[in-house]
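Q: One structure is given below, represented as structure tokens, and several questions about it will come after.
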């Protein structure tokens, strides 16, 4: 690996230069582009080649050589870095996801979302109620819009969380989850004793999807401090209402780099149908766009949630072709976003099903994090590292 001086770092590098500086294989370079760690663009002199951002290459080279000053460590902690908050809810360790010390993949073999909610919320049982006001009439709109509307309506009238008991907040959380379920489906099945995965299968008229829905809901319930969960905790740290905390998480989830991965994958699949999987993948990477639904910084050996889900259904031809092309070009295996889109395709679920499943499931984790942050009673207020114009001299 060769060091990069500041002059070199400002340049756009060829693949050969980037590989020389990093001391890695081409697959690793493409994987870093896919993960968004290295920006890439087409070479103006030859559209068949890509150029790689020298600053990004320099930063990765520094990390690989171990030269990480305190300021760099602090800055990078906010992006896939070291933990920034203490939490007893979930963690990723040894290539596995754990919920309060229990293996999430093992839980997915038999548990329901309600049982996982009880575990994460530290309560004996969770009952998902229907909100009668929401259930009476099904408003028009997309599931995303309906979920946002349901939470924003409550956020304006629900009392702040600060000073309220956790027992009361947990009871309120059950009702709130029922509202989200009603809003996401536009209605609620009459049998309120049915688990969430069964209600989803009935609403979508896909009884054969019950078990895979149950497994998916369990595996997506929480994933430590991802972007939406961090947004929830920031809101909770201010004493905002539980509904406002969930609104912060849901709004963050709508971003294309978080909950929008399934939509980006859909675009990639459309391109693959037109030009072929390998060509579509190469063009995607040459534009410098992170490859959606492949690889995960926390799971270098492969996302165990995706592995656990894809054991239970077969990939359609195009999903299989895209998976093979991505793994061949980048060495990155599919993550849970790919598995979620693939299972929706395999079971003929509605187009918005991946987002609905993700949002409903993750709201369980959001509630757990909100409750934990409320109990901590501490405001989250990081400092900024100023990089703007030089400060004006004080007048004398």
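The values are calculated or read from the model by the stated rules, or taken from the named source; none is laboratory data. Everything numeric in this text was worked out from a predicted model, so none of it was measured. Every residue, glycine among them, receives a Cβ derived from its backbone with ideal geometry; neighbour counts consider all protein chains shown.
Q: List every residue pair whose Cβ atoms lie under 9 Å apart, where the two residues are 6 or more positions apart in sequence or sit on different chains, the first residue falls within segment 379-392 and is closer than 30 Å to residue 161 by Cβ, and the second residue, located anywhere, is at pLDDT 90 or above and in a loop (DSSP other than H, G, I, E, B).
A: 379/238; 379/239; 380/238
Yes or no, residue by residue, for (1) in a loop (DSSP other than H, G, I, E, B); (2) assigned by TED's automatic domain parsing to the domain that holds residue 245; (3) at pLDDT 95 or above; (4) within 16 Å of the chain's Cα centre (by Cα):
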| site | (1), (2), (3), (4) |
| --- | --- |
| 332 | yes, yes, no, no |
| 339 | no, yes, yes, yes |
| 343 | no, yes, yes, no |
| 355 | no, yes, no, yes |
| 363 | no, yes, yes, yes |
| 372 | no, yes, yes, no |
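Q: Would a scan of segment 272-283 turn up a residue that is more than 12 Å from the chain's Cα centre (by Cα), under 19 Å from residue 216 (Cβ atoms), surrounded by fewer than 23 Cβ atoms within 10 Å (Cβ to Cβ) and free of Cβ contacts under 8 Å to residues at least 60 places away in the same chain?
A: No, the conditions are met nowhere in segment 272-283.
Q: Checking the structure you have, find out if any residue of segment 218-227 is surrounded by fewer than 17 Cβ atoms within 10 Å (Cβ to Cβ) and in a helix (DSSP H, G or I).
A: Yes, some residue in segment 218-227 is surrounded by fewer than 17 Cβ atoms within 10 Å (Cβ to Cβ) and in a helix (DSSP H, G or I).
Q: I've got another one for you. Is it fair to say residue 315 is surrounded by fewer than 21 Cβ atoms within 10 Å (Cβ to Cβ), over 30 Å from residue 43 (Cβ atoms), modelled with pLDDT under 90 and in the same structural domain as residue 91 (by TED's automatic domain parsing)?
A: In short, no.
Q: Return the pairs, sorted by first residue and then second, in which the second residue is at pLDDT 95 or above and assigned to a loop (DSSP other than H, G, I, E, B), the first residue lies in segment 237-262 and is outside the structural domain of residue 340 (by TED's automatic domain parsing) and surrounded by fewer than 17 Cβ atoms within 10 Å (Cβ to Cβ), the beta carbons are less than 9 Å apart, and the residues are 6+ apart or on different chains.
A: none
Q: Now a separate question. What are the residues in segment 204-214 that are surrounded by fewer than 24 Cβ atoms within 10 Å (Cβ to Cβ) and either in contact with a helix residue (DSSP H, G or I) (Cβ under 6 Å, 6 or more places away or on another chain) or over 19 Å from residue 344 (Cα atoms) (or both), if any?
A: Those that are surrounded by fewer than 24 Cβ atoms within 10 Å (Cβ to Cβ) and either in contact with a helix residue (DSSP H, G or I) (Cβ under 6 Å, 6 or more places away or on another chain) or over 19 Å from residue 344 (Cα atoms) (or both): 207, 209, 210, 212, 214.
Q: Something else about it: Please pick out the residue among 326, 306, 368, 293 that is within 24 Å of residue 30 (Cβ to Cβ), modelled with pLDDT of 95 or more and crowded, with 21+ Cβ neighbours inside 10 Å.
A: 306
Q: Determine which member of the set 163, 186 is modelled with pLDDT under 90, assigned by TED's automatic domain parsing to the domain that holds residue 354 and out of contact with any helix residue (DSSP H, G or I) (no Cβ under 9 Å at 6 or more places or on another chain).
A: 163
Q: To continue, here is another question. Every residue in segment 281-314 that is at negative phi, touching a helix residue (DSSP H, G or I) at 6+ places or on another chain (Cβ under 9 Å) and part of a loop (DSSP other than H, G, I, E, B), please.
A: Listed by number, the residues that qualify are 289, 290, 291, 292, 296, 299, 303, 312, 313, 314.
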